[in-house]
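**Student:** Once you've had a glance at the structure underneath, I'll fire off some questions.
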């Protein structure tokens, strides 16, 4: 399925919900090669964000969700926070100005 989806997208076509779900299911199940995964993502990236269809996004999301590991927290609501800093600590060491003595 992934090969057909790549060809369809490269030829300026859209993939359906079922096709997107099937491709993501193959990827998440480990049935595809890293090269096929990269080709699929590269093909999708050639579409502008406005050209992505709801079907493609929802199908891929559902495929990933079906392979996600459920984490039972025992809480009704569970939030995660990821803090991004700019520049990152690594970038700060690269761009550090020499101290004037």
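Only the coordinates and a few stated rules stand behind these numbers; no lab work does. Since the structure is predicted, the reported quantities are computational estimates derived from the model, not experimental observations. Reconstructed Cβ throughout: ideal geometry from the backbone, glycine too, with neighbour counts over all protein chains shown.
**Student:** Between residue 48 and residue 67, what length comes free when the chain is fully extended (0.36 nm per residue of separation minus the Cα-Cα distance, one decimal in nm)?
**Tutor:** Gain on extension, residue 48 to residue 67, equals 4.1 nm.
**Student:** Here's another thing I want to ask about it. What ranking do 26, 56, 4 get, fewest neighbouring Cβ atoms within 10 angstrom at the top?
**Tutor:** Taking fewest neighbouring Cβ atoms as first place, the list is 4, 26, 56.
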